[in-house]
Amino acid sequence: MSFFRNFPLTAYKFGDELNPSIFQNITAYVNLINDISDDASFYEFYNIIDGERPDILSYKLYGSTNLYWSFFLANEKLRIQGWPLTTSEIHQLAPIYYPHTTLMTTEPLSAEFYVGETCAAAELRVDDPDTALDESQGLYFDRPPFKATIIEKNLDLGQLTVKPRQEVASITVTNGGTGYLTAPSVTISGGGGSGATAQAFIDNGSVTSIQVVLAGDDFTSAPTVTIAAPDVDRGDRATATATLSSYTISAGTILYSQRGKPDPRNWDRDEVTRTTLNVEKVVNQYLAPHHYEDATGRWVDLNISPLFGVDNITTAGLAGKSVVTNLERLIQQNDDLRRIRVFKPDVIGQVDREFQRLLGQ
């Protein structure tokens with residue numbers, strides 16, 4: 001690019017090459033911009049149009065695509081954060097930047113539901129009271145309808161951000177095979193996740209069932225289940241398929257957690273050691289409140305009750321407050337990047353010549 005033509009040369013090693021190459025030192029910086037940064041007669045302000053590239057803007061303002069560099073040197077925020085994205089790109093990136101689920105509550109969170117711990121909803125049933133954690137209520141956690149890892153806790157907003165587990169929920173035997181004298185090993189691989197293990201059970205030489213021992217996490221597709229070959233040479237190898245969890249949660253759900261025990265199946269029967277939380281609202285993290293503002297655009301706090309719970313996140317507690325979601329916050333930040341200082345057309349030639357002259361010294 002013509003902008004770099006006057007940059008001083010330096011010896012630089014690319015990758016693992018042994019001998020350095022003579023290359024223009026693009027880290028060179030001239031203080032010219034700093035010297036004139038406070039002189040308003042050199043600048044005017046411009047709002048970057050959605051999708052407008054630096055080279056296109058350079059041509060639009062100066063009749064040349066080669067002066068795009070001046071925008072970055074005149075605006076520190078562009079050097080730090082980069083050129084503003086399009087509105088479409090912001091909407092595409094928001095779920096990537098904020099990929100989790102946010103649970104909202106008015107209950108206190110200060111001394112419970114710690115970051116990194118597991119939270120889960122209970123299954124209600126009465127078929128096996130001996131395995132219930134709370135026999136009087138029939139609460140079971142061996143196959144909870146919702147299970148997640150706590151990622152973040154925001155006391156001021158009454159938010160619990162969680163990552164629902166993407167784990168192996170069950171394994172179904174599709175062909176029991178023949179010739180098994182002992183229970184074969186089971187290997188779970190692929191699917192983008194890790195940490196899942198399982199145990200096979202046999203009867204009359206065939207695999208009859210496979211029990212998930214460790215469910216793993218971060219699976220994006222069903223992993224491959226491989227059962228070891230039978231003990232008898234002419235036996236048929238058994239096959240099986242895995243099914244992933246499909247954890248969802250809705251408002252009104254009661255969540256439970258027990259500190260230091262990531263597997264709900266191992267939670268204590270004593271309900272005093274478990275903490276509970278009433279989920280009052282469920283939103284995708286990128287659509288969750290980032291902060292609240294008053295009519296003037298100033299950030300404001302929610303009311304906090306004496307028990308450190310957020311005072312009514314849905315009605316009276318929000319009076320006079322407007323929510324700004326994580327997505328809207330990204331849009332705000334991107335819009336701030338759009339307003340930049342640009343050199344006036346009648347001085348850009350002078351600035352360019354002086355800049356290149358100083359580089360060449």
(request) Could you work out the local net charge near residue 163, counting Lys and Arg as +1, Asp and Glu as -1, over the other residues with Cβ closer than 14 Å to its Cβ? (result) -2
(message) Sort 340-350, 160-170 by the packing proxy (mean of other Cβ within 10 Å over each peptide's residues), most packed first.
(response) 160-170, 340-350
(request) Compute the length gained on full extension between residue 299 and residue 56: take 0.36 nm times their separation in residues and subtract their Cα-Cα distance, giving the result in nm to one decimal. (result) 83.8 nm
(request) Please tell me which of these pairs span more than 19 angstrom C-alpha to C-alpha: 77/153; 60/344; 147/261? (result) 77/153
(message) Given R₀ = 25 Å, what would the calculated FRET efficiency be for residue 156 paired with residue 88, taking r from the Cβ atoms and rounding to 0.05?
(response) 0.20
(request) Write down the Å³ per residue value for the convex hull defined by the alpha carbon atoms of region 168-244. (result) 66
(request) For a footprinting-style exposure proxy, rank 171, 56 by other Cβ within 10 Å, fewest first. (result) 56, 171
(request) Mind giving me the nanometre distance, one decimal, between the label points for residue 259 and residue 66, set 7 Å out from Cα along Cα→Cβ? (result) 6.6
(request) Can you tell me the FRET efficiency between residue 344 and residue 80 if r is taken as the Cβ-Cβ distance and R0 is 30 Å, rounded to the nearest 0.05? (result) 0.80
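Read-outs: derived from the displayed coordinates by stated rules, not from any lab. A quick note: this is a predicted structure, and the numbers were derived from the prediction, not measured. Virtual Cβ from ideal backbone geometry, glycine too; neighbours counted across all protein chains shown.
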